[in-house]
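Have a look at the structure below before the remarks.
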Amino acid sequence: MDPYLFRNLCGRFATGITVITTFRDDESPVGMTANSFASVSLDPPLVSVAVDHAASAHAALVAAPRWTVNILEANQEALSRRFAATGSDRFDGVGWRRGPEDALLLDGVLAHLVCTRHDTVEAGDHTILIGRVVAGDAAEHGRPLLYYRGGYADPDGL
């Protein structure tokens, strides 16, 4: 399959945008933007996220016993871009707190899903993290930040 065509085809599927967060062994925060998030199972409650082997957060996320899926709101494109960028302190000026299970929760997001490591699967140039959801919360109101056809999208504009 031609990689350009494959990317174009997958881009026709609108996805929500998340930031996956955890702590390194030295307790420093680490996170990355991901749109490859999916619900896997209701019983037990499992989710997955695919992490590129080249991602700076890869080693920390694969080793972490717990991580958080922070689902972004429509007005958080800048936050998504920050956690997708390389070579910067992604947490500089970003509000966050410790939550259940000592999870790293970003402030102001649409929802949090706190996960403990259930399994990892090597798949091509990515590692798929499968997490058991052990806690979560959601904003009472809000709209999701979406990614569609290679760019950010307003849910009302699709």
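What follows is calculated from the coordinates using simple rules that are stated; it is not laboratory data. As the structure is a computational prediction, the values presented were derived from the model and not from experiment. Positions of Cβ are generated from backbone atoms using ideal geometry, with glycine treated the same way; all protein chains shown enter the neighbour counts.
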Dipole-positive endmost among Gly150, Ala38, Val114 within the chain (Cβ charges, Cα centre): Gly150
Answer in debye to the nearest 20: the dipole magnitude of the chain about its Cα centre, from +1 Lys/Arg and -1 Asp/Glu charges placed on Cβ, is 220 debye
Restricting to Cα pairs under 8 Å and 6 or more apart, the percent relative contact order of the stretch 77-153 works out to 22 percent
Considering only C-alpha atoms, what is the centroid distance from the stretch 22-48 to the stretch 113-139, in Å? 4 Å
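Based on the alpha carbons, how large is the Rg to Rh ratio for the chain when Rh follows Kirkwood? Let's see the in-between values first.
Working: Rg = 15.0 Å, Rh = 16.0 Å.
Radius of gyration relative to Kirkwood radius: 0.94.
Which whole-number percent is the relative contact order of the chain (Cα, under 8 Å, 6+ apart)?
On the way: 319 pairs, mean separation 44.3, N = 158.
It rounds to 28 percent for the chain.
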Would you mind computing the Rg to Rh ratio of the stretch 11-72 from its alpha-carbon coordinates, Kirkwood style for Rh? 0.98
